[in-house]
Amino acid sequence: LISSVDPKFLNLTKVDDQIYSEFRKTFRDLKIDVLDPEELKSESAKEKWRPFCLRFEGVVEDFNYGTLLRLDCRKDYTEENTIFGE
C-alpha cells in the first residue's frame, strides 16, 4: 500500500487531517524527516506520546497499535533504518 499510492492521496482513517493537526500541535519541534529514536522511546517522550494516542481512543480503530517507521525518510525500509513505534 505504501509504495503503490502517492502518499498525498493516501488516507488511512477518516480523521487523518485531525490527527496530523493534533500531532503538529503536540510535537511542534519534532523533526520528522530524520527521526531520533530517543524522541520516540525515552520516558519523557512516552509521557507525551501516550496522551496523544489516547485522544483517538474510540475515534480510530486500533489507535494504540505500533507501527514501523523509517528513521530517515530519504532511505528505504531496511533493518538499520527502521524502528518500531508503539
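Could you give me the residue pairs with C-beta distances under 7 Å whose first residue belongs to segment 61-79 and is aromatic (Phe, Trp, Tyr), whose second residue is assigned to a loop (DSSP other than H, G, I, E, B) and open to solvent by 100 Å² or more (accessible area, probe 1.4 Å) wherever it lies, and which are 6+ apart or on separate chains?
Qualifying pairs under 7 Å: PHE63/GLU57.
Specify the residue that is farthest from PRO7 (Cα to Cα); the eligible residues are those in segment 31-70 that are of a type in the set (A, V, I, L, M) and within 11 Å of the chain's Cα centre (by Cα).
This residue is LEU40.
Name the residues in segment 1-43 that are within 20 Å of CYS53 (Cβ to Cβ) and aromatic (Phe, Trp, Tyr), would you?
TYR20, PHE23, PHE27 - these are the residues of segment 1-43 that are within 20 Å of CYS53 (Cβ to Cβ) and aromatic (Phe, Trp, Tyr).
Would you list the helices (runs of 4 or more DSSP H) that sit entirely within segment 1-56 and hold 1 or more residues that are without any contact (Cβ under 8 Å) to a residue 24 or more places away in the chain and more than 21 Å from LEU71 (Cα to Cα)?
Counting at least 1 such residues, we get 16-26, 43-54.
Let's see how each residue does on (1) among the aromatic types (Phe, Trp, Tyr); (2) in contact with a helix residue (DSSP H, G or I) (Cβ under 6 Å, 6 or more places away or on another chain); (3) surrounded by 12 or more Cβ atoms within 10 Å (Cβ to Cβ):
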{"residue": "LYS48", "(1), (2), (3)": "no, no, yes"}
{"residue": "GLU57", "(1), (2), (3)": "no, no, no"}
{"residue": "ASN64", "(1), (2), (3)": "no, yes, no"}
{"residue": "LEU68", "(1), (2), (3)": "no, no, no"}
{"residue": "CYS73", "(1), (2), (3)": "no, no, no"}
{"residue": "GLU79", "(1), (2), (3)": "no, no, no"}
{"residue": "THR82", "(1), (2), (3)": "no, no, yes"}
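Can you give me the number of residues within segment 1-25 that are aromatic (Phe, Trp, Tyr), modelled with pLDDT of 90 or more and open to solvent by 50 Å² or more (accessible area, probe 1.4 Å)? Write out each step before concluding.
First pass over segment 1-25, keeping only residues aromatic (Phe, Trp, Tyr): 9, 20, 23.
Then keep just the ones that are modelled with pLDDT of 90 or more; that gives 20, 23.
Next cut, open to solvent by 50 Å² or more (accessible area, probe 1.4 Å) only: 20.
Looking only at that region, the number is 1.
The values are calculated or read from the model by the stated rules, or taken from the named source; none is laboratory data. Bear in mind that the values here come from a model prediction, so they are computed numbers and not experimental data. Glycine gets a Cβ as well: all are built from the backbone with ideal geometry, and neighbour counts include every protein chain shown. What goes into the accessible areas is simple: the full protein's heavy atoms, side chains included, and nothing from ligands, DNA or RNA. Shrake-Rupley method; radii C 1.70, N 1.55, O 1.52, S 1.80 Å.
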